[in-house]
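Take a look at the structure below.
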């Protein structure tokens with residue numbers, strides 16, 4: 001990639017970032033709402049690496065026992081949404097749930113920064129014919145640097161993200177499957193471009209999608225930041241996205257279905273869980289279907305602004321997405337074992353019905 005992309009003129013940069021302002025305000029900038037018992041954030045480590053002639057950065061959030069217990073630790077790449085940043089993703093759009101879950105589970109959290117607050121997730125329509133940055137190559141370097149620097153377990157490198165970051169996590173699952181063991185996209189599905197390719201290795205996938213997402217349509221179609229905005233690429237339906245990964249991972253058994261107890265009827269959402277286990281190398285494909293949920297990270301709390309609630313939809317409080325996602329990822333280390341380790345069940349209990 002040339003320096004031209006990273007060093008755009010102010011006018012070009014403004015044109016590129018203007019459509020993302022709404023996403024930044026709606027998904028990334030909103031302060032934490034309704035979170036109790038938050039632990040003070042640990043000091044983050046920021047590292048800079050060069051990729052394609054551009055200096056790029058990533059942040060690392062270390063768990064409390066880092067430096068106390070010397071061992072290989074798992075790591076999760078947390079990928080921010082369009083127009084956001086790594087730090088805002090950890091403390092804003094996720095409501096701090098991912099930070100708390102990583103500290104409790106002794107996981108290193110890696111928070112890379114996209115160029116101009118954006119990831120080249122494979123939706124070619126976003127760049128309007130221009131060549132986007134090599135974000136897969138950048139994130140490969142981030143993983144290599146972090147594994148060496150922070151004593152990470154190469155078999156337990158995972159990724160999650162919301163919206164643009166969720167799409168990017170899926171691109172890593174396809175294009176970097178030899179390094180990524182499992183991913184958990186939130187408010188994101190497969191794109192036709194990604195679905196036309198196949199990963200080198202099977203990868204466990206957890207989709208977490210709202211049926212009333214006004215930006216990324218649950219049933220597939222055109223992604224739009226607001227109803228009258230320009231299209232930002234097409235996505236497959238959630239059902240087709242699940243089917244793609246079931247085929248890749250050879251998860252042939254019928255899904256195990258759970259109806260989670262409605263813990264907060266006032267939030268207007270419920271959650272159903274579909275797990276397709278028994279895939280190659282112990283892989284699993286799971287869907288947390290947030291019925292009535294919008295373009296939001298479950299567990300982060302509702303938006304205070306009525307306008308924002310209308311534009312992004314409801315944020316479910318039925319589950320703690322940070323805990324659910326880390327429990328799933330940690331249960332699916334890259335291994336030759338036929339069956340993954342059993343995931344914890346304290347993130348959301350199934351009802352008896």
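Please specify each residue of region 238-251 satisfying the condition of being in contact with a helix residue (DSSP H, G or I) (Cβ under 9 Å, 6 or more places away or on another chain), closer than 22 Å to residue 217 by Cβ and surrounded by fewer than 24 Cβ atoms within 10 Å (Cβ to Cβ). Walk me through it before giving the result.
Initial filter on region 238-251 (in contact with a helix residue (DSSP H, G or I) (Cβ under 9 Å, 6 or more places away or on another chain)): 240-241, 244-245, 248-251.
Those left that are additionally closer than 22 Å to residue 217 by Cβ: 240-241, 244-245.
Those that are in contact with a helix residue (DSSP H, G or I) (Cβ under 9 Å, 6 or more places away or on another chain), closer than 22 Å to residue 217 by Cβ and surrounded by fewer than 24 Cβ atoms within 10 Å (Cβ to Cβ): 240, 244.
Only one residue in 257, 271 is under 28 Å from residue 225 (Cβ atoms) and modelled with pLDDT of 95 or more. Which one? Spell out the reasoning first.
Numbers: 257 fails: under 28 Å from residue 225 (Cβ atoms).
Exactly one residue qualifies, and that residue is 271.
Considering only region 215-244, state which residues are outside any helix (DSSP H, G or I), modelled with pLDDT of 95 or more and farther than 21 Å from residue 120 by Cα.
Across region 215-244, the qualifying residues are 218, 219.
Within region 219-227, can one find any residue that is touching a helix residue (DSSP H, G or I) at 6+ places or on another chain (Cβ under 7 Å) and under 21 Å from residue 118 (Cβ atoms)? Break it down stepwise before answering.
Pass one, region 219-227, residues touching a helix residue (DSSP H, G or I) at 6+ places or on another chain (Cβ under 7 Å): 220, 225-226.
Restricting the remaining residues to those that are under 21 Å from residue 118 (Cβ atoms) gives 225-226.
Checking region 219-227: at least one residue is touching a helix residue (DSSP H, G or I) at 6+ places or on another chain (Cβ under 7 Å) and under 21 Å from residue 118 (Cβ atoms).
Just to check your reading of the model, which residue among 145, 175 is free of Cβ contacts under 8 Å to residues at least 60 places away in the same chain and either surrounded by fewer than 18 Cβ atoms within 10 Å (Cβ to Cβ) or within 23 Å of residue 59 (Cα to Cα) (or both)?
Details: 145 fails: free of Cβ contacts under 8 Å to residues at least 60 places away in the same chain.
Just one listed residue meets the conditions, 175.
Mind checking which residues of region 55-85 are in a strand (DSSP E or B) and over 13 Å from the mean Cα position of the chain (by Cα)? Full working, then the answer.
Pass one, region 55-85, residues in a strand (DSSP E or B): 55-61, 73-79.
Passing the criteria: 55, 56, 57, 58, 59, 60, 61, 73, 74, 75.
Determine, yes or no, whether residue 185 is within 16 Å of the chain's Cα centre (by Cα), buried (at least 18 other Cβ atoms within 10 Å of the Cβ) and either within 16 Å of residue 136 (Cβ to Cβ) or free of Cβ contacts under 8 Å to residues at least 60 places away in the same chain (or both).
Yes, satisfied.
Which residues, taken from region 105-114, are more than 21 Å from residue 174 (Cα to Cα) and in contact (Cβ under 8 Å) with a residue 60 or more places away in the chain?
To start, the set of residues in region 105-114 that are more than 21 Å from residue 174 (Cα to Cα) comprises 105-109.
Result: 105, 107.
Here's the yes/no breakdown for (1) touching a residue at least 40 places away in the same chain (Cβ under 8 Å); (2) closer than 20 Å to residue 158 by Cβ:
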position: 252; (1), (2): no, no
position: 256; (1), (2): no, no
position: 261; (1), (2): yes, no
position: 269; (1), (2): yes, no
position: 275; (1), (2): no, yes
position: 279; (1), (2): yes, yes
position: 289; (1), (2): yes, no
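Looking only at region 192-206, how many residues end up being under 22 Å from residue 124 (Cα atoms), touching a helix residue (DSSP H, G or I) at 6+ places or on another chain (Cβ under 8 Å) and either free of Cβ contacts under 8 Å to residues at least 24 places away in the same chain or surrounded by 17 or more Cβ atoms within 10 Å (Cβ to Cβ) (or both)?
4
Per-residue answers, yes or no, for (1) touching a residue at least 24 places away in the same chain (Cβ under 8 Å); (2) closer than 20 Å to residue 186 by Cα; (3) touching a helix residue (DSSP H, G or I) at 6+ places or on another chain (Cβ under 6 Å); (4) surrounded by fewer than 18 Cβ atoms within 10 Å (Cβ to Cβ):
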{"residue": "93", "(1), (2), (3), (4)": "yes, yes, yes, no"}
{"residue": "103", "(1), (2), (3), (4)": "yes, no, no, no"}
{"residue": "118", "(1), (2), (3), (4)": "yes, yes, no, no"}
{"residue": "121", "(1), (2), (3), (4)": "yes, yes, yes, no"}
{"residue": "132", "(1), (2), (3), (4)": "yes, no, no, yes"}
{"residue": "137", "(1), (2), (3), (4)": "yes, no, no, yes"}
{"residue": "151", "(1), (2), (3), (4)": "yes, no, no, yes"}
{"residue": "159", "(1), (2), (3), (4)": "yes, yes, yes, no"}
{"residue": "164", "(1), (2), (3), (4)": "yes, yes, no, no"}
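Within 19 Å of the chain's Cα centre (by Cα), surrounded by fewer than 24 Cβ atoms within 10 Å (Cβ to Cβ) and at pLDDT below 95, is that true of residue 128?
On the way: within 19 Å of the chain's Cα centre (by Cα): no; surrounded by fewer than 24 Cβ atoms within 10 Å (Cβ to Cβ): yes; at pLDDT below 95: yes.
Answer is no for this residue.
The values are calculated or read from the model by the stated rules, or taken from the named source; none is laboratory data. From a predicted model like this one, the values you see are computed outputs, not experimental measurements. Note that we place each Cβ from the backbone using ideal geometry, even for glycine, and neighbour counts take in every protein chain shown.
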